1. Tell me, which strands (runs of 3 or more DSSP E) lie completely within region 14-53 with 1 or more residues that are closer than 24 Å to residue 169 by Cβ?
2. Looking for whichever is assigned to a loop (DSSP other than H, G, I, E, B) and exposed (fewer than 15 other Cβ atoms within 10 Å of the Cβ) here; the options are 85, 59. Which one fits?
3. Among the listed residues 92, 86, which satisfies the condition of being under 14 Å from the mean Cα position of the chain (by Cα) and at pLDDT below 95?
4. I need the full set of residues from region 149-175 which are exposed (fewer than 12 other Cβ atoms within 10 Å of the Cβ) and at pLDDT 95 or above, in order please.
5. Need pairs with beta-carbon distance below 9 Å; first residue closer than 22 Å to residue 154 by Cα and within region 102-128, second at pLDDT below 95 and exposed (fewer than 10 other Cβ atoms within 10 Å of the Cβ); sequence gap 6+ or separate chains.
6. Could you go through region 25-38 and let me know if any residue there is out of contact with any helix residue (DSSP H, G or I) (no Cβ under 9 Å at 6 or more places or on another chain) and at pLDDT 95 or above.
7. Considering only region 40-50, I want to know if a residue exists there that is in the same structural domain as residue 14 (by TED's automatic domain parsing), touching a helix residue (DSSP H, G or I) at 6+ places or on another chain (Cβ under 8 Å) and under 30 Å from residue 18 (Cβ atoms).
8. Among the residues of region 143-165, is there at least one that is part of a loop (DSSP other than H, G, I, E, B) and out of contact with any helix residue (DSSP H, G or I) (no Cβ under 9 Å at 6 or more places or on another chain)?
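The values are calculated or read from the model by the stated rules, or taken from the named source; none is laboratory data. The structure displayed is predicted, hence computed values, not measured ones. No Cβ is skipped: glycine too gets one built from the backbone with ideal geometry, and neighbour counts run over all protein chains shown.
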């Protein structure tokens, strides 16, 4: 592939090749979507803001021993990243009951959970990102048992780091 060839375009970012086959360039878009891309719009400057916030969070995670794909930001809305194998799993860590958890369980919105809840969803817009159990993930071969254990360990550590970070920023995060 030649340098700067578009590899993928998603709802929030576009991935391009670079001269190095192990490094990609991410361009953050000003597009806004909701309800699994059923509603669309544009917010001027959103790409720059998302890139800046993402780079700060990646640096924080790396400083706390969490490996990331982040390299640097050569422009306000661009991020250089290491090429990685994507697992089609969305990992959600909840500290407080909200959204789909309340709808699916009857828990009251805002209930503080006794411990962080780790959930997995299949990254598939056409299926509306369904909630999956550990066994379903394994049957679908979306991850190995070892990968799932590592994902859970990292997810809980990241949750701890980000909870403390957002608390210091005086941002009340539900999930």
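1. Working: elements: 23-28, 31-34, 39-42.
Strands (runs of 3 or more DSSP E) meeting the threshold: 23-28, 31-34.
2. Only one candidate passes the filter, namely 85.
3. On the way: 92 fails: at pLDDT below 95.
Just one listed residue meets the conditions, 86.
4. The answer is 153, and nothing else.
5. Going by the 9 Å Cβ cut-off, the qualifying pairs are 123/86.
6. Within region 25-38, the subset out of contact with any helix residue (DSSP H, G or I) (no Cβ under 9 Å at 6 or more places or on another chain) is 25, 33-35, 38.
Subset that is at pLDDT 95 or above: 25.
So far as region 25-38 goes, yes, one or more of its residues are out of contact with any helix residue (DSSP H, G or I) (no Cβ under 9 Å at 6 or more places or on another chain) and at pLDDT 95 or above.
7. Step one: list which residues in region 40-50 are in the same structural domain as residue 14 (by TED's automatic domain parsing), which gives 40-50.
Now restrict to residues that are touching a helix residue (DSSP H, G or I) at 6+ places or on another chain (Cβ under 8 Å): none.
For region 40-50, residues in the same structural domain as residue 14 (by TED's automatic domain parsing), touching a helix residue (DSSP H, G or I) at 6+ places or on another chain (Cβ under 8 Å) and under 30 Å from residue 18 (Cβ atoms): absent.
8. Within region 143-165, the subset part of a loop (DSSP other than H, G, I, E, B) is 143-144.
Still in the running and out of contact with any helix residue (DSSP H, G or I) (no Cβ under 9 Å at 6 or more places or on another chain): none.
Looking for residues that are part of a loop (DSSP other than H, G, I, E, B) and out of contact with any helix residue (DSSP H, G or I) (no Cβ under 9 Å at 6 or more places or on another chain), one finds none in region 143-165, hence no.
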